[in-house]
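The values are calculated or read from the model by the stated rules, or taken from the named source; none is laboratory data. Predicted model, so just to flag it, every value in this text is computed and none were measured. Here the Cβ positions follow ideal geometry from the backbone for every residue, glycine too, while neighbour counts run over all protein chains shown. For accessibility, only protein heavy atoms count, side chains too; no ligands or nucleic acids. Shrake-Rupley method; radii C 1.70, N 1.55, O 1.52, S 1.80 Å.
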Amino acid sequence: MEQIAYLGLGTMGSGMATNLVKAGYPVTVWNRTAEKCDPLVAMGATEASSPAEAAADVNVVMYCLSNDEAVGSVIYSDNGILAGAHSGQIAVDMSTVHPDTSRREAEAYQERGVEFLDAPVFGSKDEAREGGLWVVVGGNEGVFDHMRPVFQALSASVHYMGGTGMGTSMKLVGNLIVAAQMEAVGEALILGKKAGLDLNQVMDVLDVVDFRSPLISGVGRSLVQRDFRTSFALRHMLKDANLIARLAEELRSPIPESAAVRETLKAAVNQGWGEENASALVKALEKQADTML
Ligand code: NA7
């Protein structure tokens, strides 16, 4: 059985690491804010004092960190993963980062004889806790096959997308749609409110018409209840919108709608709502509309 180090115990990482422990894997954990290791240690995980120490005695190093900068710091700093990594290991980045960041990681690990997979996930807090995530993976297919049981321990489904960077590319493609749908639901409900509709009735109709979706339903219902508890932070959604804009510009791919959504996300973060759920982008629309749902 693989011995696994899991680094980054935020909203997503804590759920994933918990499911690995539950599946019986020996897990070593590390988090910048050390207290977040406590629940995992109580379940039987071992706590490491640095990424290098966490990586030293395991076969597999997995991590889920805020953004590209956090990933860089945890890998390349003095006590980072590379300082403890050794030939024959597998490193798996489950953060949502730019595909170029994934490719740089792969190169750095290759110099040390370490295999690398980029494996970001769809789903948020509940799916992470319940092992119901959807994993999209880039890298060597043989390494992916080897890691499949580990991914299955924390997810509902696993998808191999191609070489290094294809997992993170897929994640940005998917989140382009997530962000656009959130904005569309917010705009639609505000228009419905202004038109005098009962928003619960609006949601009842949106739940049965042929364009219904779990995302429209979940986001719409939570907006009507003004429930902005964080399962995926608004600041991460803006980070993803920025990554999508950068990738689209590099690849000369048109994203006019995403550009508009990015402005809404920026406005909402600038208002100080970045720690709230991504659906709090509606508050920026409410401000423009001079009304509340
Ligand atoms: P969270 O809940 O904000 O957690 C972020 C994690 O990243 C958390 O463990 C942080 O440690 C860690 N982090 C952030 N910056 C650093 C630096 N500079 N060094 C070390 N560790 C750091 O995010 P989620 O779990 O919702 O999402 C994680 C990723 O998945 C992200 O890419 C999403 O878009 C998808 P802390 O606890 O703050 O010390």
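Odds and ends about this structure:
- Rounded to whole Hz, the Karplus (6.51, -1.76, 1.60) HN-Hα couplings of region 136-148, x for glycine and proline: 10, 10, x, x, 5, 5, x, 5, 4, 4, 4, 8, 3
- Bridge type composition, region 59-190 - antiparallel percent by DSSP, nearest 5: 20
- Computed from label points 7 Å out along Cα-Cβ, the spacing between residue 181 and residue 266 is 2.6 nm.
- Over the chain, DSSP H runs of length four or greater, each weighted -39,500 (n - 2.57), average out per residue to a 222 nm ellipticity of -16000 deg cm²/dmol.
- Couplings for region 3-19, taken from phi via the Karplus curve 6.51 cos²θ - 1.76 cosθ + 1.60 with θ = phi - 60°, read 9, 10, 9, 10, 10, x, 10, x, 3, 7, x, 5, x, 5, 4, 4, 5 Hz in order; Gly and Pro are left as x.
- Theoretical FRET efficiency, 1/(1+(r/R0)^6), r = Cβ-Cβ of residue 35 and residue 288, R0 30 Å, to 0.05: 0.15
- Computed from the C-beta positions of residue 212 and residue 110 and an R0 of 41 Å, the FRET efficiency is 0.35 to the nearest 0.05.
- Accessible area in square angstrom per residue, region 105-174, 1.4 angstrom probe: 41
- Region 160-207, accessible surface, carbon-and-sulfur percent (1.4 angstrom probe): 64
- Along the axis of the charge dipole computed for the chain (Cβ charges of +1 for Lys and Arg, -1 for Asp and Glu, origin at the Cα centre), the listed residues 153, 201, 106 are led at the positive end by 201.
- Relative contact order of the chain: 14 percent, from C-alpha pairs under 8 Å at least 6 residues apart in sequence.
- Summarising the label geometry, the points placed 7 Å from Cα in the beta-carbon direction at residue 205 and residue 1 lie 5.4 nm from one another.
- Interchain or long-range residues, amide H under 5 Å from residue 159's placed H: 135, 136, 137
- Length released on extending from residue 69 to residue 47, taking residue separation times 0.36 nm less the Cα-Cα span: 5.6 nm
- For region 183-293, the per residue solvent-accessible surface stands at 55 Å², with DNA, RNA and ligands left out and a 1.4 Å probe.
- Per-pair calculated FRET efficiency, R0 = 41 Å: residue 76 and residue 248 via Cβ, rounded to 0.05: 0.90
- Nearby aspartates and glutamates by direct alpha-carbon distance to residue 194 (threshold 19 angstrom, same-chain neighbours under 8 apart not counted): 183, 204, 286, 290
- Hits among lysines - C-alpha to C-alpha of residue 266 under 17 Å, sequence gap 8 or more where chains match: 239, 283, 287
- Cα centroid of region 55-79 to Cα centroid of region 176-196, whole Å: 37
- Beta bridge orientation in the chain: antiparallel %, DSSP, nearest 5: 15
- Prolate/oblate/rounded label for region 36-172 (Cα gyration tensor, a/c 1.5): rounded
- Note: relative contact order over region 78-143, using C-alpha pairs below 8 Å and six or more positions apart, is 31 percent.
- Backbone geometry of region 178-185 corresponds, through the Karplus equation with coefficients 6.51, -1.76 and 1.60 at θ = phi - 60°, to 3J(HN,Hα) couplings of 4, 5, 5, 5, 4, 4, 4, 5 Hz, x marking Gly and Pro.
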